[in-house]
Amino acid sequence: MSESFNAFILNKGDDGFSAGVGQLTLADLPEGDVTVRVQYSSVNFKDGLACLPESPVVYTYPMVPGIDLAGTVVESSNPRFTPGQEVLAIGRDLGISQFGGYAEYARLSSDWVEPLPAGLTLKEAMALGTAGFTAGLSIQRLEDNGLKPGDGPVLVTGATGGVGSVAVNMLAGLGYEVAASTGKASEHEYLQSLGATKILSREDVSGASDNPLEAELWSGAVDPVGADTTAYLLRTTRYGGSVATCGLTGGFAIGTTVLPFIIRGVNLLGIDSVQCPADLRAKVWKRLGSDLKPKNLAESISHEIGLQEIPAVTGSILGGGVKGRTIVRL
């Protein structure tokens, strides 16, 4: 196909930085053994970083951002994928060092491609996307380390964001008692609709303390915030409990001590959705189409946008101004 198609393109050179909708052809796409007609992508915090003029994650231009995509195979030299098959891809180097999901077509390595899981449509897969996969992976790791419903409250920080809102919904659907923290006092009703039974303020979970250990409150936690919030979680998690740390919207430095680990046996679980092993990735996606599928998945899509609207949303997500999930319709 030599005809041009739409893409959201970042460029940077002697004339400065530009970001906007332009035209590509299949010949412009990188090498790969699977070509996909993209139907949906989504907006994540990392996409916001990619779209900054001085991006900390993109080093090669031009670049098509979008770390998530879902669509239909149009060409494949790998027998695992056939034309017409519905597939998705998230993370890896998409939108960072290889053209990503903000284009009507994408070409990528078959190692990065996943068959669409049973129980999900393409649109639902992107309502989950990297954020939903990260939330599901966090819960999987917490459960692998012994967490189960009935153990006590699980705290989700940054709960109105993409990872946080989906994690609240998933945990509640599994029967956990869910507490949620947010800096947005106006969104308490939204979090309750997702299944949170207790709401804490940002200040409740990020204040400094001279005490290395405090009252044991949480059986586990999903933490996309980091920094002072992670330190709070470590000193308030119950004996043997786990904190799944999966983001840094609040910063990356943690001020803590070894006492939560050697006195209470607290586990700090690092959640990496980018290079997650294939067997674990497949296990989590299977669950995302079944028991982890949020009951309110459609309602979690706060915005559905086109390519032209990407700059406004990527700017807002970096400032914490986006609630729930935003999907991009190609």
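Before moving on, here are some points about what is shown:
- Being loosely packed, with under 14 Cβ neighbours inside 10 Å and under 19 Å from residue 330 (Cα atoms) is a property that residue 25 has.
- Qualifying residue in the range 202-217 (condition: in contact with a Lys or Arg (Cβ under 8 Å, 6 or more places away or on another chain) and among the polar types (S, T, N, Q)): yes
- When each of 265, 289 is tested for being touching a residue at least 24 places away in the same chain (Cβ under 8 Å), surrounded by fewer than 20 Cβ atoms within 10 Å (Cβ to Cβ) and at positive phi, the lone residue that passes is 265.
- Test: residue in the range 113-127 that is farther than 12 Å from residue 246 by Cβ, touching a Pro at 6+ places or on another chain (Cβ under 8 Å) and assigned to a helix (DSSP H, G or I): yes
- Search result, residues across the range 148-159 that are on the phi < 0 side of the Ramachandran plot and surrounded by fewer than 24 Cβ atoms within 10 Å (Cβ to Cβ): 148, 149, 151, 153
- Taking each residue of the range 111-133 that is on the phi > 0 side of the Ramachandran plot and looking for partners that are surrounded by 22 or more Cβ atoms within 10 Å (Cβ to Cβ) and in a helix (DSSP H, G or I) with beta-carbon atoms closer than 9 Å, six or more apart or interchain, yields 119/288; 129/162.
A quick yes/no check of all residues on (1) open to solvent by 60 Å² or more (accessible area, probe 1.4 Å); (2) of a type in the set (Lys, Arg); (3) touching a strand residue (DSSP E or B) at 6+ places or on another chain (Cβ under 7 Å); (4) free of Cβ contacts under 8 Å to residues at least 40 places away in the same chain:
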{"residue": "10", "(1), (2), (3), (4)": "no, no, yes, no"}
{"residue": "13", "(1), (2), (3), (4)": "no, no, no, no"}
{"residue": "53", "(1), (2), (3), (4)": "yes, no, yes, no"}
{"residue": "91", "(1), (2), (3), (4)": "no, no, no, no"}
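- Tally of residues being touching a helix residue (DSSP H, G or I) at 6+ places or on another chain (Cβ under 8 Å) and either of a type in the set (A, V, I, L, M) or open to solvent by less than 50 Å² (accessible area, probe 1.4 Å) (or both) across the range 191-211: 11
- In the range 261-281, the residues that are in contact with a strand residue (DSSP E or B) (Cβ under 7 Å, 6 or more places away or on another chain) and over 14 Å from residue 138 (Cβ atoms): 264, 265, 266
- Given (1) buried (at least 17 other Cβ atoms within 10 Å of the Cβ); (2) assigned to a loop (DSSP other than H, G, I, E, B); (3) over 14 Å from the mean Cα position of the chain (by Cα), number of the condition residue 171 does not satisfy: (2)
The values are calculated or read from the model by the stated rules, or taken from the named source; none is laboratory data. If you're wondering where the values come from, they're calculated on a predicted model, not measured in any experiment. Glycine gets a Cβ as well: all are built from the backbone with ideal geometry, and neighbour counts include every protein chain shown. In case anyone asks, the SASA skips ligands and DNA or RNA and just uses the protein heavy atoms, side chains included. Shrake-Rupley method; radii C 1.70, N 1.55, O 1.52, S 1.80 Å.
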